[in-house]
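Trainee: Structure incoming, see below.
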Amino acid sequence: EQDAMSAAFDAAVAADARIEPRDWMPDAYRATLIRQMAQHAHSEIIGMQPEANWISRAPSLRRKAILMAKVQDEAGHGLYLYSAAETLGVSRDELLDKLHTGRQRYSSIFNYPTLTWADVGAVGWLVDGAAITNQVPLCRCSYGPYARAMVRICKEESFHQRQGYELLLALSRGTPAQHAMAQDAVDRWWWPSLMMFGPPDDESSHSAQSMTWKIKRHSNDELRQRFVDICVPQAEVLGLTLPDPELRWNASREAYDYGPIDWTEFQEVLRGNGPCNDQRMEQRRAAHEEGTWVRDAGVAYAAKHGEAAA
Ligand code: 3HC
């Protein structure tokens, strides 16, 4: 019986079919999807913090409206991904508790500070740009709910990336001080954005299995390279330089060679020693605490009006 179900699972994955919540799946497939989807959702929620710092400081009403829309989108992406993860038999409360107690991760990139307004542009262009490069292949992930969530999220990410790029273009073509502010932000966000794609392939503990299961469609280094190749011409249009003296076109590879990434920095950030790890977690836990009354009111309302508990 089990062998037949396991064979059916393997055949479905081999045929690029979608695995749906009620289908049989190996426990390890379920576990790695819960891990990745939960951490993806956590990243969206924590990712609201760096940009939210600038909503009340935006230089114009137009910029404020754009940034508010983007941060609200990130919250929605998080809730969308928690809902998709719940189809695997875990509860949102359980996942949030794992985040709050450091047993589940969120993306390293959100442990860096947004020091000037130009950082909002660099985050949109580079961080959301990297997220798009990583998320487009996830639209073809073998697990149905995750793949479908990615389709909707990728459409909104394009707006996020575009508004960041346009913000940087305005600054870069502005006064010398504005140009310098844009260059400083790109200098600080470039290397951490490359780290978003994960460790090098030969140090990636999950890649081989995730690629066999068609959760991961391309390796960390492949997507990192794709992102570098996309950004170099965009930086030229921006009139900003990427902070890597070894960056150069390699005609034989038809790709850009780039300098070494500081993986000790990456590992330190993952260990909790990044510039903003403590602050991000304190703010997250406080927000969860302060939101208790909203959750209680929602449950009370559902109980009173006989709907299934929220
Ligand atoms: N930050 C934190 N942890 C990371 C990481 C990063 N940038 N990259 C890798 N890791 C962790 C992995 O989680 C794993 O640790 P774990 O076993 O405790 O989970 C370990 O490092 C080994 O890495 P692997 O490459 O073996 O792990 P994966 O196969 O999971 O690959 C990944 C890492 C490419 C990030 C993959 O998990 C993935 O594609 N996740 C979905 C995308 C995602 O999470 N994006 C977050 C970006 S931010 C965002 O989307 C918000 C946007 O709106 C800006």
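Trainee: Over the chain, with every protein chain in place, what whole percent of the accessible area is carbon and sulfur at 1.4 Å, could you tell me?
Mentor: 56
Trainee: Also, I was wondering about something else. Please report, for the Cα atoms of segment 1-138, the Rg to one decimal and the Dmax as a whole number; what are they, in angstrom?
Mentor: 18.3, 64
Trainee: Right, another one. Taking amide H atoms as placed 1.01 Å from N in the peptide plane, list the residues 5 or more away in sequence, or in a different chain, whose amide H sits under 5 Å from that of residue 19.
Mentor: 143, 144
Trainee: Based on the alpha carbon coordinates of segment 1-79, what radius of gyration and maximum Cα-Cα distance (Dmax) apply, in Å?
Mentor: 20.0, 64
Trainee: Order the peptides 223-229, 148-154, 266-272 from the highest to the lowest mean number of other Cβ atoms within 10 Å of their residues.
Mentor: Going by the mean number of other Cβ atoms within 10 Å, highest first, we get 223-229, 148-154, 266-272.
Trainee: ³J(HN,Hα) across segment 12-20 via Karplus (A = 6.51, B = -1.76, C = 1.60, θ = phi - 60°), whole Hz, x for Gly/Pro?
Mentor: Values per residue, Gly and Pro as x: 5, 5, 4, 8, 6, 7, 8, 8, 10 Hz.
Trainee: Cβ neighbours within 10 Å, averaged per peptide: list 122-128, 259-265, 170-176, 135-141 in order, most packed at the top.
Mentor: Ranking, from highest mean packing down: 122-128, 135-141, 170-176, 259-265.
Trainee: Listed highest first by mean packing, meaning other Cβ atoms within 10 Å per residue, what order do 23-36, 188-201 come in?
Mentor: 188-201, 23-36
Trainee: Evaluate the Debye formula for the chain with equal point scatterers sitting on the alpha carbons, no solvent, and hand back log10 of I(q)/I(0) at q = 0.07, 0.12, 0.14 Å⁻¹, in q order, two decimals.
Mentor: -0.30, -0.86, -1.15
Trainee: From the phi angles alone, apply the Karplus equation (6.51, -1.76, 1.60; θ = phi - 60°) to segment 62-71 and give each ³J(HN,Hα) in whole Hz, x where the residue is Gly or Pro.
Mentor: After applying 6.51 cos²θ - 1.76 cosθ + 1.60, I find 4, 5, 5, 5, 4, 5, 4, 4, 5, 5 Hz.
Trainee: Straight-line reach from residue 216: which lysines fall under 21 Å, measuring Cα to Cα and dropping same-chain residues less than 8 apart?
Mentor: Excluding near neighbours in sequence, the set is 155.
Trainee: While we're looking at this one, here's another question. What is the sum of charges around residue 90, taking Lys and Arg as +1, Asp and Glu as -1, for the other residues whose C-beta is under 12 Å from the C-beta of residue 90? Mind showing how you got there, number by number?
Mentor: Values: positive: 30, 35, 92, 98; negative: 86, 93, 94, 97.
That works out to 0.
Trainee: If you take the Cα atoms of segment 138-209, find Rg, then find the Kirkwood Rh from the mean of 1/r over all pairs, what is Rg/Rh?
Mentor: Details: Rg = 17.3 Å, Rh = 15.2 Å.
That ratio equals 1.14.
Trainee: Just to confirm, what accessible area per residue do you get for the chain at 1.4 Å probe, in whole Å²?
Mentor: 48
Trainee: In square nanometres and to one decimal, what's the mean projected area of the convex hull around the Cα atoms of segment 207-310?
Mentor: Orientation-averaged projected area of the Cα hull: 12.6 nm².
Trainee: Now for a different question. What per residue convex hull volume, in Å³, do the alpha-carbon atoms of segment 93-247 yield?
Mentor: In segment 93-247, the Cα hull volume divided by residue count equals 128 Å³.
The values are calculated or read from the model by the stated rules, or taken from the named source; none is laboratory data. Fair warning: this is a prediction, and the values are worked out from it, not measured in the lab. Here Cβ is always computed from backbone atoms with ideal geometry, including for glycine, and neighbour counts include all displayed protein chains. Protein only, heavy atoms only, side chains kept; ligands, DNA and RNA dropped before computing areas. Shrake-Rupley method; radii C 1.70, N 1.55, O 1.52, S 1.80 Å.
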